[in-house]
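Everything on this sheet refers to the single structure shown next.
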Ligand SMILES: [Zn+2]
């Protein structure tokens, strides 16, 4: 009996994997999905559950196994079987024509017949090589110096558009396949990631390429998995049994294996046609979903490629047409230091105004002090600046040849430029910080955050007003905002009686704000809007959040150890506790997350209850069960804590069941759960 059941599971697992691979292929390679993301996620979840229950069925190429377990101590060096060469550049049509001329003579083609060229956008990302053995993704290597790169397999496994197993719908893949391509991030995903970082009090990434390179260099694959990376194939190393003779066919083969070839891959039969393509792509450049810096042009015919051959560093049969750069040079007039709400000092370059991609640039970020010392920038230097996407322009490098000797070295600030406190810098921290919690610049930043959208959302608090409040010592902390008096506000510049009244009204209204917004407004590091929401729902009141120990914080779904620690520390800091007490005194009365009397399901027995499911259910899947709970006003979390109302246990429940018992959380069988759900329906 058991044997039969086991075979059934094995078959389901195999079937799920095949289906998932197929849907990956449709999604990434064909850009033509047949099912919704939700359906895909449900299948993946089902596979996860089956593998949880039958760990012996887990294989490394299962779509569930993207994030490996342990961080690496370091990367190992690996030699490429064929060197990863770089391409020569062309900057105009004439240089393309010259290149074609050289190819004709290398090929000794007389009389000349038209040549075919494969053209593709040149992604601005990080080049890597993937090695598949018998269809299974086995190793991923950085380009390195072209000969030897780093083994970053663990990190590349987390990139969803890299299949862990080649799709073999069109027949088995060759024994050894070496593919080359670009890891990149789509502009939208990059902007989203940066927005989340900023809302969590972290610094945004300078540009997409840096973010990508940084992600691939993480020793802990979990960190790489958090970055929204994509992958596109643009070339190959060694492939046993090629089975194709043209770049055009290679694109088709890549797609059939479930990988994404470079978008807009086209074949053209003359250099003027290639140049037209280049111009077309250049016009599209800003609207493309990813950053490009040019077009790659290759001979379409593989035999001709071979005949044209390669120099030591670059092939002769391919060339990169480079787009005009989004870079410009200008003079750096001064370096200003800005102090943020968390005390981070950010150096900002003041520039002689310069036109760049249609915009006048007056300042550029120098990011942090590691960057500053890497650049060795001096005041008065001529610098190269770059604007990538909509990101703030940044200084790329110093043109040292233009130095006159009159440039002034910029010393790291030993004291905060605003409050004068001695700055600190923790080991390994690229940032210098002002440690003074009462620093006016920090307080201004905290107020801006506290009254801003997503937090208390109080209208009328402009930068100028906040500056005055802080500089005139009308407020010393956030709670003081609620002690402001009508006369005090009226006396400020640009404030009349009407705006003062509105401001006070807004402040008063905010006393009833939802707790999550207040929590976000406090500006605890790493606690963005979403995490604040999650914490509020889980702990109901600030008191119980404040009392929560590290383990129960970490147990909250979507809260990791770093966030847990920040929250834990925040509620153990004397200054913060005093501030919270003061908030109470001024009459902050927050709306608890579960106080929604108008909710239709409020008298359902499931309302406000939290459920954890474990083991496999027979009547329905976990997701369906989750929907049943949510429709009746309850919620589902991933792990058991003392705040869990019920654990619903199917067959083969494991550690969650034990934990529920040890915490005294009521355990329901599937039937008992159904009875509870039905009672909610009948009411
Ligand atoms: Zn300061």
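The values are calculated or read from the model by the stated rules, or taken from the named source; none is laboratory data. Remember, predicted model here, so these are calculated numbers, not experimental data. Cβ placement follows ideal geometry from the backbone for every residue including glycine, while neighbour counts extend to all protein chains displayed.
Screening residue 180 against (1) under 30 Å from residue 387 (Cβ atoms); (2) out of contact with any strand residue (DSSP E or B) (no Cβ under 7 Å at 6 or more places or on another chain); (3) surrounded by fewer than 23 Cβ atoms within 10 Å (Cβ to Cβ) leaves a single unmet condition, (2).
Scanning segment 628-651 for residues that are farther than 30 Å from residue 547 by Cβ and exposed (fewer than 13 other Cβ atoms within 10 Å of the Cβ) turns up just one, 651. The single condition from (1) within 29 Å of residue 220 (Cβ to Cβ); (2) in contact (Cβ under 8 Å) with a residue 40 or more places away in the chain; (3) assigned to a helix (DSSP H, G or I); (4) more than 22 Å from the chain's Cα centre (by Cα) that residue 48 fails is (2). The numbered conditions (1) away from the ligand (no atom under 14 Å from the Cβ); (2) at pLDDT below 95 are all true for residue 482 except (2). Taking the listed residues 105, 77, 86, the one that is within 22 Å of residue 311 (Cα to Cα) and touching a strand residue (DSSP E or B) at 6+ places or on another chain (Cβ under 9 Å) is 86, with no other qualifying. Within segment 516-538, the set of residues being under 18 Å from the mean Cα position of the chain (by Cα) and either within 13 Å of residue 453 (Cα to Cα) or buried (at least 21 other Cβ atoms within 10 Å of the Cβ) (or both) comprises 527, 528, 529, 531. Determine, yes or no, whether residue 79 is surrounded by fewer than 19 Cβ atoms within 10 Å (Cβ to Cβ) and closer than 26 Å to residue 180 by Cα. Here the answer is yes, as residue 79 does meet what is asked. Among the residues of this structure, residue 78 does not count as one that is part of a helix (DSSP H, G or I), more than 23 Å from the chain's Cα centre (by Cα) and not assigned by TED's automatic domain parsing to the domain that holds residue 146.
As for segment 328-335, it holds no residue that is over 27 Å from the mean Cα position of the chain (by Cα), within 16 Å of the ligand (Cβ to nearest atom) and exposed (fewer than 14 other Cβ atoms within 10 Å of the Cβ).
Condition check ((1) buried (at least 24 other Cβ atoms within 10 Å of the Cβ); (2) closer than 16 Å to residue 258 by Cβ) across all residues:
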residue: 127; (1), (2): no, no
residue: 130; (1), (2): yes, yes
residue: 139; (1), (2): no, no
residue: 155; (1), (2): yes, no
residue: 165; (1), (2): no, yes
residue: 170; (1), (2): no, yes
residue: 175; (1), (2): no, no
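Within segment 493-515, the only residue that satisfies the criterion of being buried (at least 20 other Cβ atoms within 10 Å of the Cβ) and more than 17 Å from residue 453 (Cα to Cα) is 500.
If you check 168, 182, which single one turns out to be modelled with pLDDT of 95 or more, over 15 Å from the mean Cα position of the chain (by Cα) and outside the structural domain of residue 445 (by TED's automatic domain parsing)? Don't jump to the end; show me each part of the working.
Working: 168 fails: modelled with pLDDT of 95 or more.
After applying the criteria, what remains is 182.
Applying the condition of being within 16 Å of the ligand (Cβ to nearest atom) and free of Cβ contacts under 8 Å to residues at least 60 places away in the same chain to segment 445-466 and asking which residue is nearest to residue 502 (Cα to Cα) yields 466. Scanning segment 425-437 for residues being exposed (fewer than 12 other Cβ atoms within 10 Å of the Cβ) and within 11 Å of the ligand (Cβ to nearest atom) gives a total of 0.
How about segment 396-424: which of its residues are in a loop (DSSP other than H, G, I, E, B) and within 16 Å of the ligand (Cβ to nearest atom)? Even if it seems obvious, please write down each step before you answer.
Of the residues in segment 396-424, the ones in a loop (DSSP other than H, G, I, E, B) are 399, 403-407, 410-414, 416-421, 423.
Matches in segment 396-424: 412, 413, 414, 416, 417, 418, 419, 420, 421, 423.
Pairing residues of segment 398-411 that are without any contact (Cβ under 8 Å) to a residue 24 or more places away in the chain with residues that are surrounded by 13 or more Cβ atoms within 10 Å (Cβ to Cβ) and part of a loop (DSSP other than H, G, I, E, B), at Cβ distances under 7 Å and at least 6 apart in sequence or on separate chains, gives 398/377; 398/381. Considering only residues in segment 338-373 that are part of a strand (DSSP E or B) and either closer than 15 Å to residue 414 by Cα or in contact with a helix residue (DSSP H, G or I) (Cβ under 9 Å, 6 or more places away or on another chain) (or both), the one that is nearest to the ligand (Cβ to nearest atom) turns out to be 339.
The set of residues in segment 467-480 being over 19 Å from residue 498 (Cβ atoms) and in a helix (DSSP H, G or I) consists of 467, 470, 471, 478, 479, 480. Take residue 335 and tell me if it is out of contact with any helix residue (DSSP H, G or I) (no Cβ under 7 Å at 6 or more places or on another chain) and either over 15 Å from residue 413 (Cα atoms) or not assigned by TED's automatic domain parsing to the domain that holds residue 277 (or both). Spelling it out, residue 335 is indeed out of contact with any helix residue (DSSP H, G or I) (no Cβ under 7 Å at 6 or more places or on another chain) and either over 15 Å from residue 413 (Cα atoms) or not assigned by TED's automatic domain parsing to the domain that holds residue 277 (or both).
Test of understanding: among 362, 378, which residue is surrounded by fewer than 20 Cβ atoms within 10 Å (Cβ to Cβ) and more than 30 Å from residue 465 (Cβ to Cβ)?
Numbers: 362 fails: more than 30 Å from residue 465 (Cβ to Cβ).
Checking each option against the conditions leaves just 378.
Taking the conditions exactly as written (within 16 Å of the ligand (Cβ to nearest atom), at negative phi, over 29 Å from the mean Cα position of the chain (by Cα) and assigned to a helix (DSSP H, G or I)), does residue 487 satisfy them or not? Against the criterion (within 16 Å of the ligand (Cβ to nearest atom), at negative phi, over 29 Å from the mean Cα position of the chain (by Cα) and assigned to a helix (DSSP H, G or I)), residue 487 does not qualify. Every listed requirement among (1) surrounded by 14 or more Cβ atoms within 10 Å (Cβ to Cβ); (2) in contact with a helix residue (DSSP H, G or I) (Cβ under 6 Å, 6 or more places away or on another chain) is met by residue 25 save one, (2). So which residues in segment 91-118 are at pLDDT 90 or above and within 36 Å of the chain's Cα centre (by Cα), if there are any at all? Scanning segment 91-118 gives 117, 118. Checked against (1) in contact (Cβ under 8 Å) with a residue 12 or more places away in the chain; (2) surrounded by fewer than 19 Cβ atoms within 10 Å (Cβ to Cβ); (3) out of contact with any strand residue (DSSP E or B) (no Cβ under 7 Å at 6 or more places or on another chain), residue 490 passes all but a single condition, namely (1).
Number of residues in segment 348-359 that are surrounded by 14 or more Cβ atoms within 10 Å (Cβ to Cβ), in contact with a strand residue (DSSP E or B) (Cβ under 6 Å, 6 or more places away or on another chain) and free of Cβ contacts under 8 Å to residues at least 40 places away in the same chain equals 5.
In the list 51, 93, which residue meets the criterion of being surrounded by 16 or more Cβ atoms within 10 Å (Cβ to Cβ), in contact with a helix residue (DSSP H, G or I) (Cβ under 9 Å, 6 or more places away or on another chain) and in the same structural domain as residue 159 (by TED's automatic domain parsing)? Don't jump to the end; show me each part of the working.
On the way: 51 fails: in the same structural domain as residue 159 (by TED's automatic domain parsing).
Exactly one residue qualifies, and that residue is 93.
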